[in-house]
Each structure stands twice: as C-alpha cells, then as structure tokens.
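Input: a single structure, listed below in structure tokens.
The values are calculated or read from the model by the stated rules, or taken from the named source; none is laboratory data. From a predicted model like this one, the values you see are computed outputs, not experimental measurements. Cβ coordinates were reconstructed from backbone atoms using ideal geometry, including for glycine residues, and neighbour counts include every protein chain displayed. Side chains are part of the model used for accessible areas, which takes the heavy atoms of the whole protein and leaves out ligands, DNA and RNA. Shrake-Rupley method; radii C 1.70, N 1.55, O 1.52, S 1.80 Å.
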Amino acid sequence: MAGEQTAGPAGSKAKVFNCTNCGAPLRVQALGQTLVVACASCASVIDAQDERHQVLSKGARLQAMPLIPIGTRGQFRGHLWEVIGYMVRYDKASDYDWREYLLFNPRQGFRWLTEADGHWSYVVPVHTKGQVLGDTATSLNQSYKLFHKGTAIVSQVIGEFYWRVKTGDAVQVQDFIRPPEVLSVEKTTDEQTWSLSTYVEPSEIATAFKVTQTMPWRKGVAPNQPGYTPEAHMRLWGYAGLFFFALLIIHLMTSPIRGTKAVYQYTNFLMPGEAIVPIVSEPFTLVGSPRVLSVRMEADVDNSWLAAELTLFDTKTGKGFEFEHGVEYYRGYEGGEHWSEGSQVREFSISSVPAGTYTLTMLPKTDTLTKPISYTITVKSGGVIWSNFFLGLLLLAVPPLVAMWRRHRQEKKRWSQSDFAPAVYQEDE
Amino acid sequence: MTFNKLFLIFGLGVCGFVAYANLNGWAVVGGSDTRYNRAGGPVVRGFYHK
C-alpha cells in the first residue's frame with residue numbers, strides 16, 4: 001500500500017506505505033514536513049520524502065513500547081495533537097535516559113512531551129536564541145540557572161520525524177532551569193536549537209491522551225518540578241510580619257487598660273511551737289469581665305520551705321478553686337563557693353476568674369520550725385497576659401519556618417542531580 | 001488551596017484566639033499551675049461545689 005493517502009486530524013491528510021525492509025505498514029501524518037519514518041517492527045529508518053522509501057539506517061528494536069502509542073490523539077493545552085514519533089535518548093556520561101514523544105498538529109506544528117523518572121514536561125521550540133553568560137541563560141527577559149551540560153545520544157526511535165534522525169545521533173545539550181521551566185539548547189556542528197519545557201502533572205497527560213496503563217511513578221525531584229517559589233516564600237514572611245503587628249495591636253486592645261490591682265493582702269508569722277490553723281480572708285470583690293488572678297507568696301524561708309493549701313471560694317455560687325502554693329530557698333557553701341537554690345517569692349496564676357465576691361482560705365504548712373517565718377500572700381487582679389501574645393507569635397512563626405525547611409529540602413533534592421548546584425544546596429561531604 | 005492562603009486563615013485564627021483568651025482573662029500558658037502536695041500526689045484542680 002505504498003503512497004496511499006488517508007484522512008488524518010481535521011485539515012490534514014496522512015500517507016500510508018510499507019516498510020521497505022520488513023513490509024510493516026508505515027504512516028506519515030505530517031506530509032511535506034516529515035523527512036524520515038522509523039519502523040516499529042524492524043527499527044529501520046526510512047526516507048519518507050523519496051518515493052522509493054530507501055532504508056537510511058537500522059537501529060535496535062524497541063525494548064519497551066511507548067506509554068502513549070504512535071497515532072494516539074489527545075486534546076492538550078487547547079489543541080488536538082497526534083503522537084507521531086517516539087524517541088529514547090540517554091546521557092553519555094551517566095547512562096541516564098528519558099523518553100520523548102513528538103506531537104503534531106497541522107496548524108500548530110510540532111511539540112514534544114518528555115518523560116524522565118515519571119516526571120513530564122511539555123516542550124515548545126523557542127525561535128529567539130537565548131543568551132548564555134557563565135552559568136546563566138537569558139531568554140525573553142527571564143534568567144535560568146545552568147543545571148546540566150552533556151551529550152544526549154539517540155538510543156531508540158520509532159515513528160516520523162522532521163529531521164533525518166537515526167540511532168546513535170549525538171548532540172551537546174545544556175539545560176538551564178527556572179522551575180517550572182527548563183530552557184534547553186542543543187548544538188551540533190551545523191546548528192543550535194533552543195526549546196522551553198514546562199512541567200506537566202502526569203494526571204494531565206493521562207487525561208489528555210487517555211492513557212490506560214499506570215503512569216510511571218515519580219522518583220526524586222525533577223529539575224523543573226514546581227516547588228515553593230522564592231517569591232511565594234517572601235510573601236509568606238511578609239504575611240507573618242503583618243500578622244505580628246496585627247497580633248500586637250489586638251493583644252493591647254483586648255488587654256485590661258489598667259495594670260494589675262491588688263485586691264487582698266495578708267501578712268503573718270509562723271512561730272515555733274505554735275499550732276498552724278487555717279486562715280480565712282476578708283471577702284474581696286472582682287468586677288467586670290473574667291480575668292487572671294495572680295497569687296503571690298513571699299516568705300523569709302532560709303534553708304527551709306513554706307507551702308499553703310489555698311481555696312478561692314465564691315461566696316455567692318458556692319464554687320471553690322483549690323490549689324497549693326509554696327516557696328523554698330536553700331543556700332550554703334561548697335568548695336569555698338556560695339550556692340543557692342529556689343526563691344523566697346513565687347507567683348501562681350488562675351485564669352478566667354469571673355466577677356464575684358470571694359474569700360481565700362489558707363492553711364500554711366512547713367517542716368518543724370526552729371525559728372519564726374514571716375510570710376505575705378497578695379492577691380492581684382487583671383494585668384496584661386503577655387504569655388498569650390508570645391504564644392501567638394510562636395504559632396505564627398511555625399508555618400514560615402516549616403515552609404523554609406521544606407523548600408530547602410526540596411531544592412537540595414533537586415540540585416543533588418546536578419554538577420552545578422549552588423553551594424547552599426550541595427551535598428554534605 | 002495554596003500554603004500561603006492556608007497561612008492567612010491560620011494567622012487570622014491565631015489573632016482571634018489571642019483576642020478571645022485576653023477578653024476572657026485566660027492565660028493559655030502558665031495559668032492555673034498544678035503544684036504537687038508535699039504530702040504526696042497532685043492537688044485536685046478545678047472548680048467544685050462546697
């Protein structure tokens with residue numbers, strides 16, 4: 001069936017002929033543009049333009065069929081594309097390989113889909129040459145960082161191509177990244193070709209081309225895999241800064257205007273030999289919204305301790321809040337040096353104490369007394385709860401710090417595959 | 001939803017939480033400590049009816 005024309009996608013015609021080497025049917029979709037067709041059955045590369053369809057070269061048979069078969073059509077990025085060619089290439093230095101699918105649309109021309117380690121990119125030719133300066137390339141006012149330099153060699157090829165490709169073809173490649181994009185330049189002795197790749201989620205490929213097989217699992221981080229961009233990171237810290245000021249203003253606006261106010265104070269002595277009895281305070285009244293009550297105990301303990309069982313009792317509701325409070329202070333000399341431990345002053349807070357009239361019952365406790373101990377218990381109401389503010393600050397700092405750590409980890413993984421990693425992302429030796 | 005958008009919601013939540021705690025006199029950290037009774041065991045906390 002040499003030279004028959006059949007219908008292709010709207011506006012195109014296809015040509016069908018038999019492989020000159022093995023007789024397998026071959027189809028040319030991009031009439032007038034396709035130069036060669038590589039036979040999937042015998043891996044021969046056939047001249048598509050010459051009516052004699054001579055064999056130009058022979059290569060190795062495919063070890064695995066392409067995930068998206070030749071001839072598959074899919075609606076992708078706003079246009080109908082047909083997969084007309086498939087190529088496997090590898091890096092000469094590392095033997096690392098990747099797969100490339102040539103897409104054709106009669107009006108849009110040629111595009112590529114590439115897949116490596118389960119990561120996909122959509123490749124568009126760039127007609128304006130980029131500018132390379134050191135480790136940076138610039139194209140259309142965007143800068144890209146050098147990620148890879150090497151030699152790409154064709155190992156397998158099937159389908160039609162718009163240049164005379166054959167297995168063993170080698171090009172010098174440089175890849176510059178600016179996730180989610182890669183700016184690539186391929187050089188031969190005769191020409192230089194620039195292209196721009198954009199990362200594509202595997203699910204988009206599978207949906208567009210109705211891939212029924214399981215998509216390859218993604219390994220590692222692709223050079224152009226999108227992550228948390230520096231711009232998004234700066235915005236996050238900007239938001240954190242704005243929240244810091246908002247938190248400060250909200251904290252001051254919702255805190256009591258006046259500072260703490262002493263509502264009750266009691267001073268007494270504990271004498272050696274005297275029985276210790278519970279003490280009930282005079283009633284004191286708290287007004288307004290619930291607030292923090294702080295109970296401060298001071299005692300002139302010296303190498304001893306004083307504790308008190310305390311109950312804050314609401315005279316109207318009958319509710320009581322029981323707690324224990326104490327101070328201990330020890331000191332001495334060891335090796336000629338003075339040491340001390342503990343404090344003669346301690347403060348204890350009770351949150352959300354509602355308005356009401358209260359009494360405080362106190363029962364002091366201590367070891368056997370050898371000398372008198374004087375103590376003072378002070379109850380204060382209100383005051384700014386700074387611990388709430390600092391807790392809020394800490395909570396607001398966590399997401400940006402987590403984002404910073406995750407971004408660093410991802411970038412380190414990304415650049416672990418490159419010989420041109422910035423110092424901050426280089427592997428620890 | 002992006003991480004930044006989630007953070008905006010989270011930040012508003014933190015500010016609202018701090019405002020709520022302040023208005024209710026609630027010291028989220030350090031309020032109503034527990035002290036161990038010298039006789040052994042923790043002191044029972046919380047309001048109860050007498």
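Kindly evaluate A:LEU113 against the criterion of being in contact (Cβ under 8 Å) with a residue 24 or more places away in the chain, assigned to a strand (DSSP E or B) and in contact with a helix residue (DSSP H, G or I) (Cβ under 8 Å, 6 or more places away or on another chain).
Taking the combined requirement at face value, the residue satisfies it.
A:PRO372: open to solvent by less than 20 Å² (accessible area, probe 1.4 Å) and either more than 9 Å from every other protein chain (Cβ to nearest Cβ) or not small (Gly, Ala, Ser) (or both), yes or no?
In short, no.
Filter the strands (runs of 3 or more DSSP E) completely within segment A:282-378 down to those with at least 2 residues that are under 20 Å from B:TRP26 (Cα atoms), at pLDDT below 90 and of a type in the set (Asp, Glu).
Of the strands (runs of 3 or more DSSP E) lying wholly inside segment A:282-378, those with at least 2 residues that are under 20 Å from B:TRP26 (Cα atoms), at pLDDT below 90 and of a type in the set (Asp, Glu) span A:319-334.
Check every one of the strands (runs of 3 or more DSSP E) wholly within segment A:1-67 and list those with 2 or more residues that are surrounded by 15 or more Cβ atoms within 10 Å (Cβ to Cβ) and modelled with pLDDT of 85 or more.
Those strands (runs of 3 or more DSSP E) span A:13-18, A:25-28, A:36-38, A:44-47, A:55-58.
Report every pair of residues separated by at least 6 positions or lying on different chains whose Cβ atoms are under 7 Å apart, first residue within segment A:58-82 and within 10 Å of A:ALA208 (Cα to Cα), second open to solvent by 30 Å² or more (accessible area, probe 1.4 Å) and in a loop (DSSP other than H, G, I, E, B).
What qualifies is A:GLY74/A:LYS210.
Under 7 Å between Cβ atoms, at least 6 apart or on separate chains: pull out the pairs that start in segment A:382-408 with a residue that is over 15 Å from A:LEU242 (Cα atoms) and at the interface with chain B (Cβ under 9 Å from one of its Cβ atoms) and end on any residue that is in a helix (DSSP H, G or I) and among the β-branched types (Val, Ile, Thr).
Taking only residues 6 or more apart or on different chains, the pairs are A:ASN388/B:VAL18.
So for segment A:394-401 (the condition being in contact with a helix residue (DSSP H, G or I) (Cβ under 8 Å, 6 or more places away or on another chain) and either in a loop (DSSP other than H, G, I, E, B) or surrounded by fewer than 17 Cβ atoms within 10 Å (Cβ to Cβ) (or both)), does at least one residue qualify?
Checked segment A:394-401: at least one residue is in contact with a helix residue (DSSP H, G or I) (Cβ under 8 Å, 6 or more places away or on another chain) and either in a loop (DSSP other than H, G, I, E, B) or surrounded by fewer than 17 Cβ atoms within 10 Å (Cβ to Cβ) (or both).
Can you list residue pairs whose Cβ atoms sit under 9 Å apart, with the first residue in segment A:250-269 being basic (Lys, Arg) and the second being surrounded by 12 or more Cβ atoms within 10 Å (Cβ to Cβ)? Count only pairs 6 or more apart in sequence or on different chains.
A:ARG258/A:GLY382; A:ARG258/A:GLY383; A:LYS261/A:LYS380; A:LYS261/A:SER381; A:LYS261/A:GLY382; A:LYS261/A:GLY383
Scan segment A:242-277 for residues that are within 14 Å of chain B (Cβ to nearest Cβ), closer than 20 Å to A:LEU310 by Cα and assigned to a loop (DSSP other than H, G, I, E, B) and jot them down.
Once the filter is applied, which keeps residues that are within 14 Å of chain B (Cβ to nearest Cβ), closer than 20 Å to A:LEU310 by Cα and assigned to a loop (DSSP other than H, G, I, E, B), segment A:242-277 yields only A:ILE276.
Return the pairs, sorted by first residue and then second, in which the second residue is open to solvent by 10 Å² or more (accessible area, probe 1.4 Å) and among the basic types (Lys, Arg), the first residue lies in segment A:302-329 and is at the interface with chain B (Cβ under 8 Å from one of its Cβ atoms) and free of Cβ contacts under 8 Å to residues at least 24 places away in the same chain, the beta carbons are less than 7 Å apart, and the residues are 6+ apart or on different chains.
A:GLY318/B:LYS50; A:GLY320/B:LYS50; A:GLU324/B:ARG35
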